[in-house]
Amino acid sequence: PIPTIAGSVTFSNVGFAYEENNPILKGINFHVEAGERIALVGSTGSGKTTIINLISRFYDIQEGDIFVDGHDIQKVTLASLRQQMGIMMQDTFIFSGTIMDNIRYGKRDATEEEIIQAAKEVKAHDFIMKMQDGYQTEVNERGSRLSVGQRQLISFARALLAKPAILILDEATSSIDTKTEMALQEGLERLLEGRTSFVVAHRLATIKNADRIFYIRDGRIIEAGTHEEL
Ligand code: ATP
């Protein structure tokens, strides 16, 4: 196990292929300081999601090494690694139960007050209060009563409750109404504060607010810098 971490992330010559003889990532090197905000940009299929899949160890790397606070992620338990990470992919997992239960997911001992506080901070509270039964509204696996943006807000609240050092987010690409969009933007700001983050960014505001942008092409980081620099 690794102790509570600050959240630096290092890739050292990382290479990866899903299928033999078809390398997707090639020689990826970077060092991200604890608290840094990284936006990953690049065309579809360039390898952005693959990079975040490796940080969260959804796949084992095949070449090179990844370190979190100097710990080789292949040499720590998956549970201890994931404890330090908030992972928000595009299709937020919603299970059948109340909104309250869905936010509590991952932190079973969270109180109602803590859940409502987290939802308020990430700007999920307003839409929840407009639902028929507020936090007690029942939703199901398919999240049929929630829009993509609302599900992402739920995932923000979940992540905030867990207080991870590192946040990984695949920003939703689906069209999101203006109001939810604004909530997401504000919620994200709050969520990223003081944490290391890797966001596959689709919105301009997210890209502009990043400390560094990694521009990915054909499995390589071809440029890295601030929005002004690139
Ligand atoms: P997008 O913006 O469309 O999400 P991306 O930059 O995130 O694209 P990746 O999802 O990392 O790109 O995919 C990089 C390449 O790896 C693509 O060519 C894709 O087809 C391939 N790929 C992704 N996942 C798998 C998989 N599970 N098995 C085989 N190939 C895959």
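Here, each number is a calculation from the coordinates, and none is a lab measurement. Here the structure is a predicted model, which means the values were calculated and not measured. Ideal geometry is used to build each Cβ from the backbone, glycine not excepted, and the neighbour counts take in all protein chains shown.
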Report summary line: Here the residues within the range 170-200 that are surrounded by fewer than 23 Cβ atoms within 10 Å (Cβ to Cβ), within 16 Å of the ligand (Cβ to nearest atom) and among the aliphatic types (A, V, I, L, M) are V200
Query raised in the report: Would a scan of the range 205-214 turn up a residue that is in a loop (DSSP other than H, G, I, E, B), within 20 Å of the chain's Cα centre (by Cα), within 16 Å of the ligand (Cβ to nearest atom) and closer than 21 Å to G45 by Cα?
Result: no
Requested in this report: Test G134 against the criterion of being on the phi > 0 side of the Ramachandran plot and in contact (Cβ under 8 Å) with a residue 60 or more places away in the chain, and give yes or no.
Outcome: no
**Report entry** Residues located in the range 57-90, provided they are touching a residue at least 60 places away in the same chain (Cβ under 8 Å) and within 13 Å of the ligand (Cβ to nearest atom)
**Finding:** M89, Q90
Report task. Select from the range 208-230 the residues that are among the hydrophobic types (A, V, I, L, M, F, W, C), touching a residue at least 12 places away in the same chain (Cβ under 8 Å) and surrounded by fewer than 17 Cβ atoms within 10 Å (Cβ to Cβ) and write down the one among them that is farthest from T50 (Cα to Cα). Result -> L230
Query raised in the report: When only residues in the range 30-56 that are of a type in the set (S, T, Y), near the ligand (Cβ under 10 Å from one of its atoms) and in contact (Cβ under 8 Å) with a residue 24 or more places away in the chain count, which is farthest from T226 (Cα to Cα)?
Result: T50
Query raised in the report: Between residues in the range 157-174 that are within 19 Å of A210 (Cα to Cα) and residues that are hydroxyl-bearing (S, T, Y) and more than 16 Å from the ligand (Cβ to nearest atom), which pairs lie under 6 Å by C-beta distance while being six or more apart or on different chains?
Result: I166/T196; L167/S197
Query - Among (1) assigned to a loop (DSSP other than H, G, I, E, B); (2) β-branched (V, I, T); (3) touching a Leu at 6+ places or on another chain (Cβ under 9 Å); (4) closer than 28 Å to D60 by Cα - the single one I176 does not satisfy - result: (4)
